[in-house]
Each structure stands twice: as structure tokens, then as C-alpha cells.
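Participant: The following block contains the structure, expressed as C-alpha cells.
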Amino acid sequence: MKVHEYQAKEILRKFGVAVPAGKVAFSVDEAVSAAYGIGGSIWVVKAQIHAGGRGKGGGVRVAKTLEEVRQVASQILGMKLVTHQTGPAGKIVKRLLIEQGVAIAREIYVGVTLDRATSRNVVMASTEGGVEIEKVAAESPEKILREPVERTAGFYPFQARRLAFGLGLTGEAFRNGVKFLAALYNAYDAMDCSLAEINPLVVTKDGGVLALDAKINFDDNALDRHPELAGLRDLDEEDSLEVEASKSNLNYIKLEGNVGCMVNGAGLAMGTMDIIKLAGGEPANFLDVGGGASAETVESGFKIILADPHVRAVLINIFGGIVRCDRVATGVVEAARKVKVEVPIVVRLAGTNAEIAQDILKNSGMNFLVAGSLKEAAEKVTQAIREPVGA
């Protein structure tokens, strides 16, 4: 689950993480009122969308008078903001963050995430603030400092000091940097985050250390422990099909291809997408219907997959472990009749009662393409797109 920058900063502030004074605004008048309330003589008007690169897209502007705040806010609010993360479709800006101006001396990077290779959290830092960390990792990996964190021991003070020293912080900035790093990790750990990224983290001319930007993602599996976070979800910023899938407890992620995938099990789903690509196709989605794969879940899966206009064929790949394949086949037939699927459907069922399942599909009176192996299924679905059934 993602949240907006202003929401992330509100959470970080509760854990003692230093952030600039700021207020959210949903209208131009609110933006001017927020700037007046913050005070000072310079403000930053920031578009709030779930994507990076807002500044390059024109979504972050500086204003030096309240009238400029009004002008800039009226220009950004309601605009279609296109960045490298939104894609060409862009996103409509519906809210703004009005923030105090900061006298910046340096920009650095700090982030906390899970290192899946070692199954440990890792605190990362780099002197290359304001630059995409992926670019730094690719071009100058030696500039990324890492401190792995033992789960039972936590983030040690000496690790924070070592990172602050590695960033070249001295004097007051060093002390504030150590404090900032410790507070950031505490927030990440306590809130069950999957990512807490500050880019840039700025050092001010008087030695202050502030989160100029903030990106926080939460582990969806831990949201039950944080019911207060439910109200922070902005459905307008999420893919509509992904929102619909979540209502049916389906794990769905939209991709850019034309082969709709319906699979039970995340690992099998990843393998299925890989095989499709090897066969020359492009997956249109990741969809894990879970171990049960009932007629209801299959029907919901069909509706979500086919709501994507780019889907030209569907591949169903189910392993009958928890659920028998014949039950899945019956569910597929029932769901296909209700939804009225008009694209080729390739079905590969393996496991308990797989042979019975194949007979059910073949005798259904529907034009399913039944495959015995995953390789065969991938080849059939890509061929079906090139040569549609009935062509």
C-alpha cells in the first residue's frame, strides 16, 4: 500500500523524523491559506500523486509570494502530470502539499527496505541525493552505503554514526543525521513498512537534516495490525482493476501485454509469465486466484482480466493441490458461460483428477484449448493470438 508524500511525512513526524512544515490543500484557496499559515517568504507547491519524477514533470514549483502560490497552485491542481513512473497516460493532480522553503546546503539519499537476498532489513545511504537510486546503483554502486540490520538486535547507534560519517556529515549536521537515521528506522520497523525512502534528504545551511521528500510503502500483509492506515488509501491513485480485484481477495497486477493470466499460487504465476515470454507472448497481468480457485473466484478473475481491452487471449494454469482439478474445470466452464468470454482460452490443469478435468473441458461444448504442459499452454496461447480461433 502506497501513501502520498504529505501522509508519509505526517507519519514520520510522529516518530521524531525531521520534516519541513507543510499542509495539504485540495483547492487553490486552501493552498493560499496553507502558505499563509506556514508563514515565511518562500514556499514549495508540490503535486501529490503516487509517482516519482514530479519535479521534472512540472509538478513541483517554488513560490515567493502568496499571489505566486495562488498562480502556481491553479496551474498544478487539475493538471495531467506525466512522469517516468506514470507512463504516458499520466495522473490527474487532485491535491497539493504546500511546504516551507528550505535553505539547502546539500542533498543526500537515505532509504530503508528489505534485502530479500539476506532476509534482513537494510539501511542505505548515498551522497547522490535527488537522483534515482536505481541510476546510482547502475552507474556508481560504490556510492551506496549499506548497513544490514539484525531483526532481533535492531539498528545499532554505531551503524547510524557509520552511515553519517560515510556521508561526510560533520558537527551539528552529523548529530542531526544520526538522530534522523535512528528515527527513520524506528518508523519503518514500527509501521511494518516495505519501503521508507527519503530522496532527497537535505542538510540545511545551519546544520539541520530534513526529509525534503518522503516515500513510504506499507506491507499489505501487515495492514491488519494498523487499522488506522486504511483511511490513508487513495483509490484514485490505484489501478481500477487492481482495486476491483482486491474486493474479491485476488492478487492482481496489471501489465502491458495481451495474454491474460489466471494462476493459483504466486510462484506458479511468475513461472507462467516467464514461459509466456519465452514463447514470444507478453503477459497482460499477474493474477493469483489462490489455492481454492472456486467457480466464484474464477468468474471474478475472468471479469477482471477481460476488463483490460488489451487482452486478446487467456491462459489458465491451475495446479490441483488443495483443490481438485475437476472442480476447477467445472468452475471454469460455469464462469466462462456467465461472463461470455469472446477471446481464446487456453487451459492447463495439473494435479489431482487432471484427466477428469480435461474431459470436462473437452465435453463442455465450449471451444477451450486444452494443454497438457505449461510449455504447450504458452505456445498455444501465443499462437491463438497470432491466429485467432475461427479465423
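The values are calculated or read from the model by the stated rules, or taken from the named source; none is laboratory data. Computed from a prediction, not measured in an experiment: that's the story for all the values here. Please note: Cβ atoms are built from the backbone with ideal geometry, for glycine as well, and neighbour counts cover all protein chains shown. Areas reflect the complete protein model, heavy atoms only, side chains present, ligands, DNA and RNA absent. Shrake-Rupley method; radii C 1.70, N 1.55, O 1.52, S 1.80 Å.
Participant: Could you let me know the centre-to-centre spacing of the stretch 1-51 and the stretch 309-375, using Cα atoms, in angstrom?
Facilitator: Centre-to-centre (Cα) distance: 50 Å.
Participant: Another question about this same structure. Ordering His84, His50 by how much accessible area each has at a 1.4 Å probe, largest first, what is the list?
Facilitator: Final ranking, largest accessible area leading: His84, His50.
Participant: OK, next. Could I have the simple spin-label model distance between Asp192 and Glu334, label points 7 Å from Cα toward Cβ, reported in nm to one decimal?
Facilitator: Those two pseudo-labels are separated by 3.3 nm.
Participant: What 222 nm value per residue comes from the helices of the chain, counting each DSSP H run with n ≥ 4 as -39,500 (n - 2.57) and dividing by all residues, nearest 500 deg cm²/dmol?
Facilitator: Taken over the chain, the calculation gives -11000 deg cm²/dmol.
Participant: For the chain, take the longest principal axis of its alpha carbons; what is the angle in degrees between that and the long axis of helix 374-386, to the nearest 10 within 0 to 90?
Facilitator: Rounded to the nearest ten degrees, it is 90.
Participant: Heavy atoms only, probe 1.4 angstrom, no DNA, RNA or ligands counted: give me Leu81, Leu241 ranked by accessible area, highest first.
Facilitator: Leu241, Leu81
Participant: Using a 1.4 Å probe, what is the accessible area per residue for the chain, in Å²?
Facilitator: Heavy-atom accessible area per residue stands at 48 Å².
Participant: Another one. Could you tell me how far the Cα centroid of the stretch 184-219 sits from the Cα centroid of the stretch 245-275, in Å?
Facilitator: If you average the Cα positions of each part, the centres end up 32 Å apart.
Participant: With a 1.4 Å probe and all protein chains kept in place, how do Lys14, Lys303 rank by accessible area, largest first?
Facilitator: Lys14, Lys303
Participant: Report the accessible area of Tyr156, computed with a 1.4 Å probe over the heavy atoms of all protein chains in place, in Å² rounded to the nearest 10.
Facilitator: 110
Participant: Then there's this: Quick one: net charge of Gly257's neighbours, Cβ under 12 Å, K/R +1, D/E -1?
Facilitator: 0
Participant: Tell me, in nm to one decimal, what length is gained between His310 and Lys143 on full extension, where the rule is 0.36 nm per residue of separation less the Cα-Cα distance?
Facilitator: Between His310 and Lys143, full extension yields an extra 56.0 nm.
Participant: If the cut-off is 12 Å between C-alpha atoms, which aspartates and glutamates fall inside it for Lys375, apart from same-chain ones fewer than 8 positions away?
Facilitator: Asp274
Participant: How high is the relative contact order of the stretch 307-368, in percent, counting Cα pairs under 8 Å that sit 6 or more residues apart?
Facilitator: 44
Participant: Now, a different point. Between the stretch 118-150 and the stretch 73-90, what's the alpha-carbon centroid distance in Å?
Facilitator: What the calculation gives is 28 Å, centre to centre.
Participant: Helix 66-76 versus the longest principal axis of the chain: what is the Cα-based angle in degrees, 0 to 90, to the nearest 10?
Facilitator: 10
Participant: Under 8 Å for C-alpha pairs, at least 6 residues apart: give me the relative contact order for the chain, rounded to a whole percent.
Facilitator: Result for the chain is 12 percent.
Participant: Quick one: which of 326-335, 116-125 comes out on top by average Cβ neighbours within 10 Å, and what's the full order, highest first?
Facilitator: 326-335, 116-125
Participant: Want the number for Leu235 to Ser41: 0.36 nm per residue separation, take away the alpha-carbon distance, what's left?
Facilitator: 66.4 nm
Participant: Also: Taking all protein chains as present, what is the carbon and sulfur share of the accessible area of the stretch 1-140, in % to the nearest whole number, probe 1.4 Å?
Facilitator: Ligands and nucleic acids excluded, carbon and sulfur reach 52 percent.
Participant: Could you work out the local net charge near Ile356, counting Lys and Arg as +1, Asp and Glu as -1, over the other residues with Cβ closer than 13 Å to its Cβ?
Facilitator: 0
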